[in-house]
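What follows is a set of notes on a single structure, which appears directly below.
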């Protein structure tokens, strides 16, 4: 198909997510390799967002492709009541790399379903019904996961499932910044007491918040959350759907703080999105509950052989090609490049990164720190910036007053600098809007 044919048929017969369909302007994609993808007309883009922060090993990796092909030829599907070699091997491999003593896994179709099942497990195990979740979070688009979500994507689906209580994140926006760790934990403790500790099954949180700002928690925060959860018998659920599998320079982001959650959710980088797959990881004490109690959940594609085979191949690529080490090394380079943008461009109010998980937050005024676009809103300048990125062949996620720098973990320093060169030029657009 030509680009025009691809776009026309797609818009005519399919629905694009989180969008008014009349305003959709998709990039047509014909193929991809490494850190690049291209249109049917041959226009090439540097994928600076790993699509949706998920193609961690890069596009078209031959080992993952071959694993999928081989598995499809041998056994394309077996129902989840059956045991298969990919399922057996993947569970064992994840037990090796998961934090602490997490060693049992329930497989899902993606991240939202992993979070759905994590809160279901927490309720079944504890006999409690409330779930704490943070504002400035995203946990998925399904009924329960969207209720957990602490950003405007939740609003259209309210009231949602019962029992979800939102608490404030330690970060309060570009103008207010971060509150002290002790204050944030005291606020959380107060909420727990007011809601009734004996009614709260779990606290779910993105270890490093993703689309709401790449919010890297200050040291002591996750340790404090762990301590509060232990104190009150509340299960700690780490949502690592976006931050896991090397994105931050460790297998899982929570490894940076040496904290072991009770449950961990994952997807995206688990297969580098070559095949849909998610998982919930359980500590032994939680898994033991289901030896004598029914696990009241199930999915037709739970433990799908193609997906499990893709995950095993993806994990092997992370290990054999030292992609997590590369994320650390290139993350150091990216941290320097982000700092250079902040020093050079008056519209750059803040930058944040951990490994190859990065974000730039733009402002109109250095004194007031007014964001370049309002919360849950757009501006002409941000629209123009996104257009400039696209015209120059850089693909990344532009949201509100921010944009992301989340390339595949296989990126080289020259490719990283290529992307930042485009960003450097495009920021002249937003610099013109700065008033003080």
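The values are calculated or read from the model by the stated rules, or taken from the named source; none is laboratory data. Since the model is a prediction, treat every value here as computed from it, not as a measurement. Don't worry about glycine lacking a Cβ; one is built from the backbone with ideal geometry, like all the others, and counts go over all protein chains shown.
Every condition in (1) in a loop (DSSP other than H, G, I, E, B); (2) more than 23 Å from residue 134 (Cα to Cα); (3) touching a strand residue (DSSP E or B) at 6+ places or on another chain (Cβ under 8 Å) holds for residue 248 except the one numbered (2).
Annotation note: Cβ proximity below 6 Å between a residue of the stretch 113-129 that is without any contact (Cβ under 8 Å) to a residue 60 or more places away in the chain and a residue that is surrounded by fewer than 24 Cβ atoms within 10 Å (Cβ to Cβ) (sequence gap 6+ or interchain) occurs for 116/142; 116/144.
Which ones in the stretch 279-296 are more than 23 Å from residue 357 (Cβ to Cβ) and either assigned to a strand (DSSP E or B) or within 24 Å of the chain's Cα centre (by Cα) (or both)? Break it down stepwise before answering.
Of the residues in the stretch 279-296, the ones more than 23 Å from residue 357 (Cβ to Cβ) are 282-296.
Listed by number, the residues that qualify are 282, 283.
For the stretch 203-221, the count of residues that are surrounded by fewer than 21 Cβ atoms within 10 Å (Cβ to Cβ) and without any contact (Cβ under 8 Å) to a residue 40 or more places away in the chain is at least one.
Step by step: first the residues of the stretch 75-94, then only those that are in contact with a helix residue (DSSP H, G or I) (Cβ under 7 Å, 6 or more places away or on another chain) and assigned to a helix (DSSP H, G or I), then the one that is surrounded by the most Cβ atoms within 10 Å (Cβ to Cβ). Which residue is that? If you could, list the steps in order and put the result at the bottom.
Initially, the stretch 75-94 is screened for residues in contact with a helix residue (DSSP H, G or I) (Cβ under 7 Å, 6 or more places away or on another chain), giving 75-78, 84, 86-87, 89-90, 93.
With the extra rule that they be assigned to a helix (DSSP H, G or I), the set shrinks to 86-87, 89-90, 93.
Details: 86: 23, 87: 22, 89: 15, 90: 26, 93: 17.
Step by step, filter the stretch 75-94, then rank; the result is 90.
Could you list all residues from the stretch 152-173 that are closer than 21 Å to residue 362 by Cβ and crowded, with 19+ Cβ neighbours inside 10 Å? Result: 169, 171.
The lone criterion from (1) in contact with a helix residue (DSSP H, G or I) (Cβ under 7 Å, 6 or more places away or on another chain); (2) over 30 Å from residue 377 (Cα atoms); (3) touching a residue at least 40 places away in the same chain (Cβ under 8 Å) left unmet by residue 199 is number (1).
The residues of the stretch 251-278 that are within 16 Å of residue 357 (Cβ to Cβ) and assigned to a strand (DSSP E or B) amount to a single one, 266.
If the condition is being in contact (Cβ under 8 Å) with a residue 24 or more places away in the chain and on the phi > 0 side of the Ramachandran plot, then the stretch 32-89 contributes 34, 50, 51, 53, 58, 60. Taking the stretch 300-331 as the range and being closer than 15 Å to residue 413 by Cβ and under 20 Å from the mean Cα position of the chain (by Cα) as the test, the residues that pass are 323, 325, 326, 327, 328, 330, 331.
Taking the numbered list (1) over 28 Å from residue 178 (Cα atoms); (2) surrounded by fewer than 24 Cβ atoms within 10 Å (Cβ to Cβ) in turn, residue 106 passes all entries but (2).
Do the conditions hold for residue 419, that is, is it under 23 Å from the mean Cα position of the chain (by Cα) and either touching a residue at least 24 places away in the same chain (Cβ under 8 Å) or surrounded by 19 or more Cβ atoms within 10 Å (Cβ to Cβ) (or both)? Here the answer is yes, as residue 419 does meet what is asked. Could you check how many residues of the stretch 1-33 are under 26 Å from residue 214 (Cβ atoms) and in contact with a strand residue (DSSP E or B) (Cβ under 6 Å, 6 or more places away or on another chain)? Summing the residues that are under 26 Å from residue 214 (Cβ atoms) and in contact with a strand residue (DSSP E or B) (Cβ under 6 Å, 6 or more places away or on another chain) in the stretch 1-33 gives 2.
Please tell me if residue 72 is touching a helix residue (DSSP H, G or I) at 6+ places or on another chain (Cβ under 7 Å) and either assigned by TED's automatic domain parsing to the domain that holds residue 308 or in a helix (DSSP H, G or I) (or both).
Spelling it out, residue 72 is indeed touching a helix residue (DSSP H, G or I) at 6+ places or on another chain (Cβ under 7 Å) and either assigned by TED's automatic domain parsing to the domain that holds residue 308 or in a helix (DSSP H, G or I) (or both).
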